[in-house]
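Below: one structure, written as structure tokens.
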Amino acid sequence: MNDIKERELLRQAMEVQFRHQLYQKPEFTFLPSLGVRDIFQGFGNDEVGFIGFLHLKWIRVGKGEKEWLSIWYDTPEEGVEAQRQWFEDVPYNRGKMMHSVMQHMKDQAEKIEIEESEEEEKIILN
């Protein structure tokens, strides 16, 4: 896959297909409000090799206008570095936040389990 035009054509096709699949998902319109403003996806296969690493970034274009900007990276290393930079470029510690969320989910699951076991104990069969 040495031909630059061929690579650009493949990238365009992959991006259109990826965006189409993404737009069909019911949660798509809610992603920015849920805090998902960056989506990363690598493309390639054994036949043509590495096509590229796509980064979709939600941006405001004008007053009230928003769009998903596409950025392509030429090597897997560039794509991984962009992900790493995105992960670290926040005013809070994502690791601590994920740990906190996981702990909360665990606590909620334990609470539900206790409530269900208490309900089972209250059942009286005559």
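Read-outs: derived from the displayed coordinates by stated rules, not from any lab. The shown structure was predicted, so the numbers you read here are calculated from the model rather than taken from an experiment. FYI the Cβ positions are ideal-geometry reconstructions off the backbone, even for glycines, and counts take in every protein chain you see.
By how many degrees, 0 to 90 and rounded to 10, does the Cα axis of helix 76-88 deviate from the longest principal axis of the chain?
Helix 76-88 and the main axis of the chain meet at about 50 degrees.
Could you pull out the longest piece of the chain with no exposed loop GluC sites (Glu not before Pro) in it, calling a site exposed if DSSP puts it outside H, G, I, E, B and it has at most 15 other Cβ atoms within 10 Å? Display every interim value, and only then the final one.
Numbers: sites that count: Glu27, Glu47.
In the chain, the maximal stretch lacking such sites is 48-126.
Restricting to Cα pairs below 8 Å that are 6+ residues apart, what does the relative contact order work out to for the chain? Please round to a whole percent. Intermediate results must be reported in sequence, preceding the final value.
Numbers: 92 pairs, mean separation 17.7, N = 126.
It comes to 14 percent, rounded to a whole number.
Using the charge dipole of the chain (Lys, Arg: +1 at Cβ; Asp, Glu: -1 at Cβ; taken about the Cα centre), state which of Val48, Tyr73, Val101 has its Cα farthest towards the positive end.
Tyr73
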